[in-house]
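Here is the structure we will look at.
The values are calculated or read from the model by the stated rules, or taken from the named source; none is laboratory data. Model, not experiment: these values are computed from the prediction. Heads up, the Cβs are rebuilt from the backbone with ideal geometry, glycines too, and the neighbour counts pull from every protein chain shown. Just so you know, the surface numbers come from the protein's heavy atoms only, side chains and all, with ligands and any DNA or RNA stripped out. Shrake-Rupley method; radii C 1.70, N 1.55, O 1.52, S 1.80 Å.
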Amino acid sequence: EHRAKMSVTIRQQVLEGVRHLPHGKGCFYWSKLIGSDVWLRSSYELAYAKLLDHLDVAWFYEPIKFPINGLGSYAPDFFLPELNLWVEIKGFWREDAKIKYASFVLQYPYLEIKVVGKEQLVILGAM
């Protein structure tokens, strides 16, 4: 019970911007547009989700895992249906992530995907 109360308190602090998650630590975010909690994997994804909600831009988080030839699957972080746009949020690029992303772009050239990093998040006012 104590742990559940602490989780609620920490979640509320994150949503209010009082507490920030270190990159790579996931959290639940209640999206007003989706109307439910969404598990996000990083503080950058959290910042982007908050920005999209603030701008009233519809979004889905990792809605599809695309098969990647010989590499398993790849799930872009966000899909913005009104823009028909996939968005990958990146801080540090691991080598395997670079390879999967490049393979995705080659295998699905008809899908528009943009990479948003910390610099872009700062410019957009999300961080």
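Here the range 54-127 was treated as a single set of alpha-carbon atoms; its pair distances binned every 10 Å from 0 give 17, 51, 27, 4 percent. Close amide-amide hydrogen proximity is noted between Val116 and Glu88, Ile89, Lys90, each under 5 Å apart and 5 or more residues distant or on a separate chain (H modeled in the peptide plane; Pro and chain starts excluded). Within the range 63-98, what residues put their amide N at less than 17 Å from the label point 7 Å along the Cα-to-Cβ vector of Lys114? Taking a point 7 Å out along Cα→Cβ of Lys114, the residues of the range 63-98 whose backbone N falls under 17 Å are 76-91. Residue by residue, the range 75-91 carries 3J(HN,Hα) couplings of 10, x, 5, 10, 10, 10, x, 5, 9, 6, 10, 9, 10, 10, 9, 9, x Hz when phi is fed to the Karplus relation 6.51 cos²θ - 1.76 cosθ + 1.60 (θ = phi - 60°); x denotes Gly or Pro. Scanning residues 5 or more positions from Val38 or on other chains, those with amide H under 5 Å from its amide H are Tyr29, Trp30, Ser31, with H placed 1.01 Å from N in the peptide plane.
Measuring r between the beta carbons of Glu62 and Leu106 and using R0 = 22 Å, the FRET efficiency lands at 0.60. Taking only the Cα atoms of the range 34-91, the radius of gyration and Dmax are 12.0, 39 Å. Computed with a 1.4 Å probe on the full set of protein chains, the accessible area for Glu95 sits at about 120 Å².
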